[in-house]
Amino acid sequence: MLQESRVAKTRKIRDLASGADFGQWLISNVGREDPVGDLAHDVVHDPDFPRDARHYPEALEYLQSQGYCLGAQNALAEAWNEYLARYPERAVKAAWCERCARAIVELPKGVLVWTESGGFEVLHTCCVQGVPRCSIDLHQLFDGPDLGGLNAFANECGAPSELVARLEARLRLWGFGARRRRQTKVYFIQEPKDGAIKIGYTSGPVERRRAALQTGHPEPLRVLATMDGDRSTEADLHARFGQYRRKGEWFAPHRELIQFIAALVPKVPRP
Ligand SMILES: [Zn+2]
């Protein structure tokens, strides 16, 4: 039982360290004085909210089924966009077919069609009926880092710009066009003899950073762990462990910080 709670605790720390999934991220916004904060407050008190939802439509469907107001539904879209802007690498691209309402997870099986009467429709290739005037495979259109291909296609079809804008907003919520940032890392580097720990971030090799920091330290510095993250991850950690700060980005090796770092390091099985 004790063992189990330790495992759960470690998992929680690791989840926090790897950054939150959408549900965790949303809940962390409790206290914000805006619609996203209000939604976060509602979700905290709603144990059935699908916190592990990987796609916006899953969470939206839940809100609709539970009779959440339109304001809450709009806040969900706002929250999802904010989450994807912050963690574009976590976007899981999928589209939803307008005929059968099922997900199109394998994008080569999806197509965007344009008809004068129906406007834009996202469909499974097998759900297309008749011969559309214009059509393009989903993966061709949206494989790039932005949705530039969409405008070219829309021009070709002569689609009105407000319909294009509405489609683009929907596609972004589905994870299309999320910009992947350059991969940066947050590192934990410790002074010798269980000394202070520096929490910093770098876009280059962590070893190079360690070597640069070594100047001014007679004994070797140690890289304790690294994790994916950027300046905002670093700022979150500085705030989180703020009470242990010694100077600048250096923190006392308090148990709480050590536990956090330990959860980032894969355990080596004892022989
Ligand atoms: Zn379909």
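Here, each number is a calculation from the coordinates, and none is a lab measurement. Since this is a predicted model, take the numbers as computed values, not measurements. Every residue, glycine among them, receives a Cβ derived from its backbone with ideal geometry; neighbour counts consider all protein chains shown.
Summary table
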item	result
Full-extension gain in nm, Tyr244 to Glu89, via 0.36 nm per residue minus C-alpha separation	52.7 nm
Leu70-Ala152 FRET efficiency (beta carbon distance; Förster radius 30 Å; 0.05 resolution)	0.35
Gain in span if fully extended, Val44 to Ala235, counting 0.36 nm per residue against the direct Cα distance	66.3 nm
Nitroxide proxy distance, nm - points 7 Å out along Cα→Cβ at Val128 and Cys100	1.5 nm
Prolate/oblate/rounded label for the stretch 185-262 (Cα gyration tensor, a/c 1.5)	oblate
Rounded, prolate or oblate (a/c below 1.5 giving rounded, otherwise prolate when a/b exceeds b/c) for the chain by Cα gyration tensor	prolate
Folded to 0 to 90 degrees: helix 35-44 orientation relative to the chain principal axis, Cα	70 degrees
Mean ellipticity per residue at 222 nm, deg cm²/dmol - from DSSP H runs of n ≥ 4 across the chain, formula -39500 (n - 2.57)	-12500 deg cm²/dmol
Fully extended contour minus Cα-Cα distance, from Glu168 to His217, at 0.36 nm per residue	12.4 nm
Ranking of Leu26, Leu167 by count of other Cβ atoms within 10 Å, fewest first	Leu167, Leu26
The chain - percent relative contact order, Cα under 8 Å, separation 6 or more	14 percent
Helix 161-173 axis, angle to the chain major axis (alpha carbon atoms, nearest 10°)	40 degrees
Protection-proxy order for peptides 125-133, 82-90, each taking the mean of Cβ atoms within 10 Å per residue, highest first	82-90, 125-133
